[in-house]
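Notes to accompany the following structure.
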Amino acid sequence: MSEWWTYQLADLILFTPKTYFRLIEIYNISIWPIQLVALLLSCIIAVLVWRRPICSGKIIASILALSWLWVAWAFHLQRFADIHWVATYYAVGFVIQASLLIWIGVIRDRLTMNSVESLVQKLGISTLIFALFIQPLLTLFFGENRNQVELFGITPDPTVIATIGLLMLINVRKHWWIYIIPLSWCLISGATLWVLESNYYFVMFVVGILASLAIIKKAH
Amino acid sequence: MKKLQNSGRRKFLGILTFTATTAVCWPLIGTAKSQAVTTKRIPSSGEKIPVVGLGSSRTFNVGNDPVARQACTEVMHNFFNAGGNFIDSSPMYGSSQDVIGYALKKLNKTEQVFSADKVWISDHDEGREQMETSRQRWNIKRFDLMQVHNLVSWEEHLQTLYKMKQAGEIRYVGITTSHGRRHRDFEKIMQRHSLDFIQLSYNIIDREVEQRLLPLANERGIAVIVNRPFQRGDLIDWAKRHSLPSWAKEIDCTNWAQFLLKFIVSHPAVTCAIPATTRVDHVLENMSAATGRLPDAMMRKRMITYVENL
């Protein structure tokens, strides 16, 4: 798109809030009962973070990568791209993030967890719990009906926030670049929800700011 | 026997629903159908088009949602019934072209529609392919009007459009802008190139185009389509918080949509306005602006003063 600088943010969001949330609703109905698998994976992550067995880093990285790939294909490419042409590029970003998670977490086994001591790690735990269990309740509360619920591994926002929480929790000081795509998504999604006048657009901005502060703190 | 009973019950419920819907909507439908729709001529051909058309940005981009597609079809059905025929879209508007094509086919209006679309791609070599894809999505034989969207690669696309017009693949050529973007370039193109249509943003609050672009269009014999007549809904939402002046009756206005649209289409240079909507009651309100008296120059000043003092 040439002369892109002449476009305002609202010019790029060419669908109504009703259409966006109906898209989530129809998506949820059409993939049922995959949501149960997603909830099971959320519980597995919670147990792995709590018990920290050997190989927990590899298992968590695999679950995260699988979730990013599923969201790229099932949400962005199959549904969101119908109403928002940029979603094709979002899908590419999500596939790249999945590949990075596999490379660092599964192949190189660098997503190791220590005991939760530092402030950043405590924030990471809170962010993770929020994404896995509280955010779905928020979307249930603010959505028009229960089919508009957003779950980790199913829709982008909880998937990205859970990933950020886990990255804050584990020792990835040298691999700060693994935050780039999740942080970019916080900005994109927050801005989209803001244009759509969603009640919880601020969530993505808050998580993005928290993650940025975490990176700076870890770097020092 | 039971099947027959069910079928009879369904028929009865169907008639009941139809009667109830007609009774509820009759005042609006009656108003829209009872008066002749105001039209204006396209200067380059003399062909007349209704002064109120239908935009599709955001509102018709509903993807594959069957419920929403049906709602859009209802909007278009009422639009045609009220005397409208000018519909505008763009490849930029996601699934809008598909939804328009779906509704046109369902309503059997592929011949009746005045189809206006845009070419919107930086690589001009892919322009023809994009326009062909758009045509297939609309389910029509050819576009009436093809415009260069927001002046993207306009020099190359205009040459292609002139060739297409000469070959009878389209009937009219135009360029578009919105929200005051690139008005200087727009003016230069209007001065130097042969255009049938221009499309720009104009409403009772944003009147910058009255200074140069609208007089130039008048002078050069270019038809003018007005987009964003309600500032994406913000203007009409704001206006509805205030009461309509009693003297609005003098120009046959009973609602704000009529008031705001009549202001736009009463400008001598404007050919039609293209408000977008997802609602049947709104499309009927919009179309009612194409009926009755239009404000004269004095009344237009009065309308501006009233709105500016709200």
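The values are calculated or read from the model by the stated rules, or taken from the named source; none is laboratory data. Quick caveat: nothing in here was measured; it's all calculated off a predicted structure. Counting neighbours? That spans all protein chains shown, and the Cβs are built from the backbone with ideal geometry, glycine included. Keep in mind that these areas ignore ligands, DNA and RNA; they rest on the heavy atoms of the full protein, side chains included. Shrake-Rupley method; radii C 1.70, N 1.55, O 1.52, S 1.80 Å.
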Within the stretch B:211-223, how many residues are out of contact with any strand residue (DSSP E or B) (no Cβ under 6 Å at 6 or more places or on another chain) and not in a helix (DSSP H, G or I)?
3
Can you name every residue in the stretch A:19-34 that is of a type in the set (S, T, N, Q) and over 12 Å from A:A74 (Cα atoms)?
A:T19
Of (1) within 13 Å of another protein chain (Cβ to nearest Cβ); (2) charged (D, E, K, R); (3) at negative phi, B:R58 fails just (3)
Pick out the one residue from B:E219, B:E208 that is modelled with pLDDT of 95 or more and open to solvent by 50 Å² or more (accessible area, probe 1.4 Å).
B:E219
Restricting the stretch B:177-206 to residues that are in contact (Cβ under 8 Å) with a residue 60 or more places away in the chain and part of a strand (DSSP E or B), which is nearest to the chain's Cα centre (by Cα)?
B:Q199
Restricting the stretch A:66-90 to residues that are buried (at least 22 other Cβ atoms within 10 Å of the Cβ) and among the hydrophobic types (A, V, I, L, M, F, W, C), which is nearest to the other protein chains (Cβ to nearest Cβ)?
A:I83
Surrounded by 14 or more Cβ atoms within 10 Å (Cβ to Cβ), in a loop (DSSP other than H, G, I, E, B) and either out of contact with any strand residue (DSSP E or B) (no Cβ under 8 Å at 6 or more places or on another chain) or more than 10 Å from chain B (Cβ to nearest Cβ) (or both), is that true of A:F15?
yes
Scope the stretch A:154-201; condition farther than 25 Å from A:G105 by Cα and open to solvent by less than 40 Å² (accessible area, probe 1.4 Å); matching residues
A:S189, A:G190, A:A191, A:T192, A:L193, A:V195, A:L196, A:S198, A:Y200
